[in-house]
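Notes for the one structure printed next.
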Amino acid sequence: MIPLNYYLLFAAFLFSVGVVGVLIRRNAIIVFMCIELMLNSVNLTFIAFSAFMGNAIGQMFVFFVMTVAAAEAAVGLAIIIALFRNKKTINIDQINLLKW
Amino acid sequence: MIPTFQDYLNVAPIIIVSATALLEIVFQIIFKGFKKYVNIFSILGLLISIYFAIINFDKVSMSFSNMVFSGKYASFFEILFCIIGILTILQSSTIQKYYSINKIEYNVLILISIVGMMVMSAGADLISIFIGLEIMSICFYVLAGFARNQIIANEASLKYFLLGAFATGFLLYGIALIYGTVGTTNIIKIAQHYPIALSLDLHLLGLILLLIGLAFKVALVPFHMWQPDVYEGAITNVSGLMASGGKTAAFASFLLIFSIPLAAGNNNLIEIVSVLAALSMIVGNIFGLVQQNIKRMLAYSSIAHTGYILVGIIATNNFGNHGALFYLVVYSITSVGAFGVASILENEFGKNLNINDYSGLSQKNKFLAFAMSVFMFSLIGIPPFAGFVGKYYLFAAAIQRDLTWLVILGVLTSIVSLYYYLRLIVYMYFRDPENQNNIIVTNDFKIAISFSTIVVILFGIYPSSLFSVIRYIFNIY
């Protein structure tokens, strides 16, 4: 059996990839994909803990996380489309009307 | 376990508000003239919800397999959120004139965001707190960009969405690590593992990640960057709802989750939270000084006030908890009112929000100028108004807990904040009007603003009326 640490380290690695992606990528859709990656790495952590403790709460939580991620995706893509209609770009660096 | 009828009765306030929102969606299709009655319908739903919250007030219980609390603490916040909702809906009565928006959708989103706030403040399990947070946040993402023809609104909405979802990632990772170390997500069962669990690095890391997630939602420095932008871009009434309801809900769950680990006396955690509070007070008040836009000024003032409330929460003694609850009530009513006055002066999206547009307001409309000065005095913390009593309690609590440096910082930054609050009052009373646009104040609006003004003055003169309720709430814990 693969030890728990491997799962946790892999999930932590995926989470870091997501965080770095959010911080360095400039395309709103790719930033959003990186956020989804973070949520999925959280799911992996939950399932790993849940399986190793023989405790179902973690797996139940994963369902809620997936539901929320789906709802967030629907709203987020709609917001990106609304912005694209007015601004003709989704590059985050060019979205800079509001500052200070 | 199969939920019993009593379970449903315990969460009746939440169910009624959600039912009102869903019925509005259906009625919009069935009845052609429903648009005229939608405000009354929403307010009626919220009033019934307040009624059930008052009925539930006395008995504390947990329903749905220990997922949600009801009674006392939960009922208190349910009533507060319903009042905030009623005030926001009353103040939004003129919104239709300026934006081509669907009024029924607007009301539905406000009601559902209130459901989210209620679930957050009633959560007895990290799952229900997370679900409540997301219900609230997703509604706010949409509401922030509701004036969807305006680029500013789109931008505010996108910024809020990306940062909010990013924060959700941290929050969830924190919950996952807490679950991994104690094997449960129930707040009370987690508390049984203290203080042993606090010595585990992984658990502490989980708490810190959870803290980062919540800090994004309440906008503590350095996680505050979205707030001024979002408040400026959103419809003014929605900014008021976010500043009052959103912040109060996040603090209600903050208290539920963190009051036990903070009270357990882990120095690392207390130090981190104190630094966040100190930074919020400094940055909020200093950046507030240079703002010309009234909505941005209120946003920075709101960041500063999160710092003050956090000072009371770190203290984790009776004084601190009572003060934090008192201040949350006062601050949310005040900020709904202040954003409401800003919304009535704004006669077109994004216009008349500069501080110069407030010059000579007392000559144009005495009522609005008076109400705005009461709100500003309360935000500064000048004695006859409720803000003073709240601040007094928060700082007294911190002194009891030997956090004197935070109190000194709080008092000093309050003095700094005097400049930008008083500047607005000087503009309103001691300058001549610059432009002659007429201000139309509807009756709905008058009711809402008079209510907020009276509450702020009343709780300043008789704070014991609210404190007796708050003391009663904390009796069981």
Quick check on the stretch A:50-83: of everything there that is surrounded by 15 or more Cβ atoms within 10 Å (Cβ to Cβ) and aromatic (Phe, Trp, Tyr), which residue is farthest from the other protein chains (Cβ to nearest Cβ)?
A:Phe52
Number of the exception - B:Phe349 against (1) surrounded by fewer than 24 Cβ atoms within 10 Å (Cβ to Cβ); (2) part of a helix (DSSP H, G or I):
(2)
Lone unmet requirement of (1) facing chain A (nearest Cβ under 7 Å); (2) among the small types (Gly, Ala, Ser); (3) closer than 16 Å to A:Phe46 by Cβ for B:Ser157
(3)
Restricting attention to helices (runs of 4 or more DSSP H) lying wholly within the stretch B:195-243, give those where 3 or more residues are β-branched (Val, Ile, Thr).
B:201-218
Which of the following residues is farther than 30 Å from B:Ser75 by Cα and under 22 Å from the mean Cα position of the chain (by Cα): B:Asn347, B:Asn293, B:Asn354?
B:Asn293
Name the residues in the stretch B:406-418 that are out of contact with any helix residue (DSSP H, G or I) (no Cβ under 6 Å at 6 or more places or on another chain) and either hydroxyl-bearing (Ser, Thr, Tyr) or free of Cβ contacts under 8 Å to residues at least 12 places away in the same chain (or both), would you?
B:Ile408, B:Leu412, B:Ser414, B:Ile415
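Which members of the stretch A:84-99 meet the condition of being of a type in the set (S, T, N, Q) and facing chain B (nearest Cβ under 9 Å)?
Residues satisfying the conditions are A:Asn86, A:Asn96.
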Does B:Ala263 count as of a type outside the set (D, E, K, R), away from every other protein chain (no Cβ under 14 Å) and more than 21 Å from the chain's Cα centre (by Cα)?
yes
Only unsatisfied item for B:Gly265, checking (1) crowded, with 18+ Cβ neighbours inside 10 Å; (2) assigned to a loop (DSSP other than H, G, I, E, B), is (1)
Checking B:Asn237 against (1) surrounded by fewer than 23 Cβ atoms within 10 Å (Cβ to Cβ); (2) away from every other protein chain (no Cβ under 13 Å), which test does it fail?
(1)
Could you tell me whether the stretch B:118-141 includes any residue that is over 18 Å from B:Leu256 (Cα atoms), facing another protein chain (nearest Cβ under 9 Å), small (Gly, Ala, Ser) and surrounded by fewer than 22 Cβ atoms within 10 Å (Cβ to Cβ)?
no
Let me confirm something: among B:Ile114, B:Ile50, B:Ile55, B:Ile15, which residue is within 26 Å of B:Thr4 (Cα to Cα) and in contact with a Phe, Trp or Tyr (Cβ under 6 Å, 6 or more places away or on another chain)?
B:Ile114
What pairs can you find where one residue is in the stretch B:31-43 and farther than 18 Å from B:Ile112 by Cα, the other is among the acidic types (Asp, Glu) and crowded, with 16+ Cβ neighbours inside 10 Å, and their Cβ atoms are less than 9 Å apart, with a gap of 6+ or different chains?
B:Phe34/B:Glu24
Could you tell me how many of the residues in the stretch A:10-34 are within 25 Å of A:Ala78 (Cβ to Cβ) and within 8 Å of chain B (Cβ to nearest Cβ)?
6
Can you name every residue in the stretch B:160-206 that is of a type in the set (Gly, Ala, Ser) and facing another protein chain (nearest Cβ under 7 Å)?
B:Ala165, B:Gly169, B:Ala176, B:Gly180, B:Gly183
Applying the selection to the stretch B:220-265, what residues are touching a Pro at 6+ places or on another chain (Cβ under 9 Å) and among the hydrophobic types (A, V, I, L, M, F, W, C)?
B:Ala264
Looking at the stretch A:35-49, which of the residues that are facing another protein chain (nearest Cβ under 8 Å) and free of Cβ contacts under 8 Å to residues at least 40 places away in the same chain is farthest from B:Leu172 (Cα to Cα)?
A:Ile35
Pick from the stretch B:143-182, criterion among the aromatic types (Phe, Trp, Tyr) and under 24 Å from the mean Cα position of the chain (by Cα), ranking: surrounded by the fewest Cβ atoms within 10 Å (Cβ to Cβ)
B:Phe146
Looking at the stretch B:270-283, can you tell me whether even one residue there is within 14 Å of chain A (Cβ to nearest Cβ) and either closer than 24 Å to B:Asp125 by Cα or surrounded by 24 or more Cβ atoms within 10 Å (Cβ to Cβ) (or both)?
no
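Readers should treat all values here as calculations from the given coordinates under stated rules, not as data from a laboratory. What you see is a predicted model; the values in this text were computed from it and never measured. Quick reminder, even Gly has a Cβ in these numbers, built from the backbone with ideal geometry, and neighbours come from all protein chains shown.
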